[in-house]
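The values are calculated or read from the model by the stated rules, or taken from the named source; none is laboratory data. As the structure is a prediction and not an experimental result, all values here were calculated from the model. Counting neighbours? That spans all protein chains shown, and the Cβs are built from the backbone with ideal geometry, glycine included. These accessible areas exclude ligands, DNA and RNA; they are computed on the full protein's heavy atoms, side chains included. Shrake-Rupley method; radii C 1.70, N 1.55, O 1.52, S 1.80 Å.
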Amino acid sequence: MYVQLIEGGTTPDRRTEMDRIVTDAMVPALQDEPGFAGALNLVDRGTGNAMMIVLWETEAQARRALGEYGTAFLKALASVAAISTGTRRPISVWEVNARA
């Protein structure tokens with residue numbers, strides 16, 4: 001199993017809007033992607049920053065190019081990007097070596 005670690009955020013006053021996009025659009029779109037195995041969205045409400053951990057069955061699925069994702073996911077991602085602020089780190093891929 002592999003994860004993508006996605007770091008970013010928005011202003012605290014737009015955090016609720018971003019949460020809605022993640023839960024109502026992004027996660028449902030990810031569920032249609034091959035190899036998707038789950039997601040966690042970690043939020044610091046004081047700063048508006050967040051980290052999303054997206055689980056994939058294989059390394060290839062975790063490393064695929066954005067252009068290979070479906071339209072629903074790309075639309076949700078564009079909505080998130082439109083209200084993102086601050087420093088966004090590149091998406092990183094990690095191997096999961098322990099799981100409960």
Hey, got a sec? Which trypsin sites (Lys or Arg not before Pro) in the range 1-92 land in a DSSP loop and have at most 11 other Cβ atoms within 10 Å?
-> Arg45
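Restrict the search to the range 1-62; then list the GluC sites (Glu not before Pro) that DSSP places in a loop and that have at most 16 other Cβ atoms within 10 Å of their Cβ. Each step should come with its number before you reach the end.
Working: sites: Glu7, Glu17, Glu57, Glu59; in loops: Glu57.
Hits after loop and neighbour filter: Glu57.
Report the semi-axes of the equivalent ellipsoid for the chain in whole Å, largest first, where each axis is √(5λ) for an eigenvalue λ of the Cα gyration tensor. Walk me through the numbers on the way to the answer.
Values: eigenvalues 97, 48, 28 Å².
Calculated on Cα positions only, the semi-axes equal 22, 16, 12 Å.
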Taking Cα atoms only, helix 71-83 is inclined relative to the longest principal axis of the chain by an angle, in degrees rounded to 10, of 30 degrees
Using 7 Å Cα-to-Cβ label points, what is the Thr16/Ala60 separation (nm, one decimal)?
-> 4.5 nm
Between Ala78 and Arg45, what is the label-to-label distance in nm when each label sits 7 Å out along the Cα-to-Cβ direction?
-> 3.2 nm
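Round to a whole number: what % of the accessible area of the range 44-96 belongs to carbon and sulfur, probe 1.4 Å?
Details: 1920 of 3390 Å².
On the range 44-96, the fraction of accessible area on carbon and sulfur atoms equals 57 percent.
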How high is the FRET efficiency between Thr71 and Glu95 when r is their beta carbon distance and R₀ equals 30 Å, given to the nearest 0.05?
-> 0.55
Whole Å is fine, so just give me how far the alpha carbon centre of the range 71-93 lies from that of the range 17-64.
-> 10 Å
